[in-house]
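Student: Shown below is the structure under consideration.
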Amino acid sequence: MDNRELAETFDRIGDLLEIKGEVVYKVLAYRRAAESIRSQSRAVADLWREDELRSIPGVGEALATKIDELMRTGKLDYFEKLKREVPVTLVDVLRVGDVGPKKAARFWKELGIQDLPALEAAARDGRLQRLRGMGERSEARILKSIEALKARQTSRVSIARARPVAESLLERLRFLPGVAAAEAAGSLRRCRETVGDIDLLVAARRPQDVIRAFLSFDDISRVRGQGDTKASVEMASGLAVQLWVHPPEHFGTALQYATGSQAHNVRLRELAQSKGLSLSEHGFKQANGSIRECDDEVEVYRLLGLPWIPPELREDRGEVEAALEGRLPDLITQADIHGELHAHTDWSDGAATLEEMAEAAAQAGLDYLVITDHSRSLGVANGLTPERVRQQRRKIDALQKKIGGRLRLLHGTEVEILADGRLDFPDDVLAAFDLVTASVHSSLRQSRGRVTSRMLAAIRHPHVDIIGHLTGRMIGTRDPADLDLEAVFQAAAEQGVALEINAHPDRLDLNEAHARRATELGCLLAINTDAHRPEHFALRAYGIGIARRGWVTLANVVNSWDVDQVLRWARGHAR
């Protein structure tokens, strides 16, 4: 049984337990384990054979025993028993807004509804109104939620599509009369690679005035819901946005709560309870019934005995324990990046000239730029022949003299790792580059053994400095190559070869889990935009977000170094 199948099994167990009415901590235990398994760089089957299942975050003795049973038999008696108690198709019903576990259980037990089509049919036939507490309006809301779910299942979008929409709305909200603060929350603030709804929070004393002004924005196409302190809308772009307005005095607890994640918030509530407090979005309820309000997040965490935890870390992956023990990482920031090590021009498949890319890099505040046009075998990208490489070097040298000290230009390549593991340029051509990035763009569906051997050969090549977009995935359209990532990370650490976090939002490769594991094993990273046009240098923000979610610090990232240090590393790490 592979990692995906194990994670899906534990996800379904969590769903069924929620419908059954089990305590939230038990439900979350399965969901945390599922996420950890899904994020593993190693095959869980290997960890099982090595008796190392307990090394997986969130997997204790009980869950390790269940994984062992799944590995040995291919099924789990506990799961089979649950499916006899609760129809497994009910998990789809939980995805509908306004339908929680208790309501799903009532639909099943009182109306025989066991799946989403049955729920939709019952709502359209008016049968839900037979239930106590369900009226025509409730039924209509469920139908609307089913339609929204159908749309949402195909409309989870890249963070790069959601963030500009959120920033535009926040800029306008902050200028409204009476607004003290406005921030994004949810998965967008935590820098997840894809986003469903956009969650926005505003601090203001007259919420109705803010909501009225918000609903007048001309890029809102439809109002999905409106209350005294909340509005839900659909933008002209198709994105769903939810706005909450809170009094300034408890904006801190509201922002912390809305940022999540759910698992992180559960841990904070446990800490609050241990101190005799009850934490909600409104503040800390004390034993005497009074509410201690917090107008900023720093105060929320301080009252729990913690330093402020950056939003990108709030996934219950050890950040609370690290905060309690004073071990929170000093995360990388955009300001720490001094150079771009992976950029293309119109010499291969870029859309701009050398001069235009250099000017854009200087305007972006970079100290150095490595031009890494594709090698010859990537014909679709107009890859360079050795002769064109020499011509480009002369052009780069001439441009350097022209621009002077504004920007240091280096000559590199993105050389193709061929299907047999050889590189696309001979050694004498590779030796002449300032920096070599090696990448795979084809034959990604090779067997695990072959594609891993191919990558290891590139890492061990004396002229390779960086591995670009390691797994080759394209989010939502192309699965990653089936690499033995643990072996790749160990080899990269041994050779001093950096692994790229490709900041293009279609890639974000390495992902957060891989970045964290790579640095744990001693790997160096490079956060690059893979820029093909001047505006792409701004994509670095998305790579930084992934790096921060992966607990990456300044010390791990080679392009946080100055150019001379980068060149010393490139000349000496394995050559």
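Student: Report the Cα-based extents of the range 413-526 along its three principal axes, largest first, to the nearest Å.
Tutor: Principal extents (largest minus smallest coordinate, Cα): 38, 28, 27 Å.
Student: Assigning unit charges at the beta carbon (Lys, Arg +1; Asp, Glu -1) and nothing else, what dipole magnitude in debye, to the nearest 20, does the range 451-575 show about its Cα centre? Don't skip to the answer; put the middle values down first.
Tutor: On the way: 14 positive and 15 negative charges, 25 e Å.
The dipole magnitude comes to about 120 debye.
Student: Quick one: Cα centre-to-centre distance for the range 258-317 and the range 321-374, in angstrom?
Tutor: The two parts, judged by their Cα centres, are 36 Å apart.
Student: Order these by the 10 Å Cβ neighbour count, fewest first: 308, 108. Write out the running numbers ahead of the final one.
Tutor: Values: 308 15, 108 20.
Listing 308, 108 from fewest to most nearby Cβ atoms yields 308, 108.
Student: Net charge within 13 Å of residue 391 by Cβ-Cβ distance, Lys/Arg positive one each and Asp/Glu negative one each, not counting residue 391 itself? It would help to have the intermediate numbers written out before the result.
Tutor: On the way: positive: 388, 390, 393, 394, 395; negative: 373, 387, 397.
That sum, taken over residues with Cβ under 13 Å, equals +2.
Student: For 195, 179, what ranking results if the residue with the fewest other Cβ atoms within 10 Å of its Cβ goes first?
Tutor: Values: 195 26, 179 20.
Arranged by neighbour count, lowest to highest, 195, 179 become 179, 195.
Student: Sticking with this one: Divide the volume of the convex hull of the Cα atoms of the range 220-291 by its number of residues and quote the answer in cubic angstrom per residue. Numbers along the way, then the final one.
Tutor: Details: hull volume 7.3 nm³, N = 72.
For the range 220-291, the hull spanned by Cα atoms encloses 101 Å³ per residue.
Student: Taking the highest mean first, how do the peptides 131-141, 416-426 order by number of other beta carbon atoms within 10 angstrom per residue? Don't skip to the end; give the middle numbers.
Tutor: Numbers: 131-141: 12.8, 416-426: 18.0.
Top to bottom by mean Cβ count within 10 Å: 416-426, 131-141.
Student: Divide the volume of the convex hull of the Cα atoms of the range 251-324 by its number of residues and quote the answer in cubic angstrom per residue. All intermediate terms of the calculation are to be shown ahead of the outcome.
Tutor: On the way: hull volume 5.2 nm³, N = 74.
Roughly 70 Å³ of hull volume per residue.
Student: Give the distance, in whole Å, between the Cα centre of the range 418-452 and the Cα centre of the range 524-545.
Tutor: Each part's Cα centre sits 22 Å from the other's.
Student: Still on this model: From the P(r) of the range 157-246, could you give the percentage of C-alpha pairs in the tail past 16 Å?
Tutor: Working: 1897 of 4005 pairs.
I get 47 percent for the Cα pairs in the range 157-246 exceeding 16 Å.
Student: To the nearest 20 debye, what is the magnitude of the charge dipole of the chain about its Cα centre, counting +1 on the Cβ of each Lys and Arg and -1 on the Cβ of each Asp and Glu? List each step's numbers first, then the result.
Tutor: Values: 81 positive and 86 negative charges, 270 e Å.
Here the size comes out at about 1300 debye.
Student: Past 22 Å, Cα to Cα: identify those pairs from 20/103; 26/150; 81/144; 75/102; 20/285; 66/103, in the order given.
Tutor: 26/150; 81/144; 75/102; 20/285; 66/103
Student: Next question. Quick one: dipole size for the range 157-246, taken about the Cα centre, charges +1 on Lys/Arg Cβ and -1 on Asp/Glu Cβ, in debye to the nearest 20.
Tutor: Details: 13 positive and 11 negative charges, 30 e Å.
Once rounded to the nearest 20, the dipole reads 140 debye.
Student: State log₁₀ I(q)/I(0) for the range 308-370 at q = 0.13, 0.16, 0.28 Å⁻¹ as given by the Debye formula over alpha-carbon point scatterers of equal weight, solvent excluded.
Tutor: The calculated log intensity ratios at q = 0.13, 0.16, 0.28 Å⁻¹ are -0.57, -0.65, -1.15.
Student: Please compute the net charge surrounding residue 517, taking Lys and Arg as +1 and Asp and Glu as -1 over other residues with Cβ under 9 Å from its Cβ.
Tutor: Details: positive: 42, 516; negative: 486, 520.
Taking every other residue near residue 517 into account, the sum is 0.
Student: Using only the alpha carbons of the range 1-156, what is the convex hull's orientation-averaged projected area in square nanometres? Can you show the working numbers first?
Tutor: Working: hull surface 39.7 nm².
Projected area, direction-averaged: 9.9 nm².
Student: Still on this structure: So for each of 389-397, 370-378 I average, over its residues, the number of other beta carbons within 10 Å; can you give me the resulting order with the highest mean first?
Tutor: Details: 389-397: 15.3, 370-378: 24.9.
So the order, starting with the most tightly packed, is 370-378, 389-397.
Student: For the chain, give the share of DSSP beta bridges that are antiparallel, in percent and rounded to the nearest 5; count only bridges with both residues there.
Tutor: Values: 26 of 57 bridges.
Antiparallel: roughly 45 percent of the beta bridges in the chain.
Student: Now for a separate question. Could you tally the net charge around residue 275, taking each other residue with its Cβ under 15 Å from the Cβ of residue 275, Lys/Arg +1 and Asp/Glu -1?
Tutor: On the way: positive: 267, 269, 285, 292, 302; negative: 270, 299.
With Lys, Arg at +1 and Asp, Glu at -1, the net is +3.
Student: For a quick size check, give me the Cα extents of the chain along its three principal axes, largest first, whole Å.
Tutor: Here the Cα extents, ordered largest to smallest, are 79, 63, 49 Å.
Student: Suppose the Debye formula is applied to equal point scatterers at every Cα of the range 118-200; what is log10 I(q)/I(0) at q = 0.12, 0.14, 0.20 Å⁻¹?
Tutor: Scattering profile of the range 118-200, log10 relative to I(0): -0.57, -0.68, -0.85.
Student: So, one more: Taking the Cα centre of each part, how many Å lie between the range 72-117 and the range 1-68?
Tutor: Measuring centre to centre over Cα atoms gives 19 Å.
Student: Okay, next question. Given the range 425-575, what percent of its DSSP beta bridges are antiparallel, to the nearest 5? It would help to have the intermediate numbers written out before the result.
Tutor: Values: 2 of 12 bridges.
Of those bridges, close to 15 percent are antiparallel.
Student: Would you work out which of 447, 475, 497 lies farthest towards the positive end of the dipole of the range 446-575, given +1 charges on the beta-carbon of Lys and Arg and -1 on that of Asp and Glu, about the Cα centre?
Tutor: Projecting each Cα onto the dipole axis, the largest value belongs to 447.
Student: Mean residue ellipticity at 222 nm from the helices of the chain, using -39,500 (n - 2.57) per DSSP H segment of n ≥ 4 over the full residue count, to the nearest 500 deg cm²/dmol? Spell out each step's value before the answer.
Tutor: Numbers: 23 runs with 247 residues, N = 575.
Computed ellipticity for the chain at 222 nm equals -13000 deg cm²/dmol.
Student: If you take every DSSP beta bridge fully contained in the range 179-278, what fraction is antiparallel? Give it as a percent rounded to 5.
Tutor: Details: 15 of 21 bridges.
Here the share of antiparallel DSSP bridges comes out near 70 percent.
Student: Got a sec? Charge dipole of the chain, +1 on Cβ for Lys and Arg, -1 for Asp and Glu; which of 411, 225, 572 is way out at the positive end?
Tutor: My answer, from the dipole projection, is 225.
Throughout, read-outs are computed from the coordinates displayed, never taken from laboratory work. Note that this is a predicted model, so its numbers are computed, not measured. Counting neighbours? That spans all protein chains shown, and the Cβs are built from the backbone with ideal geometry, glycine included.
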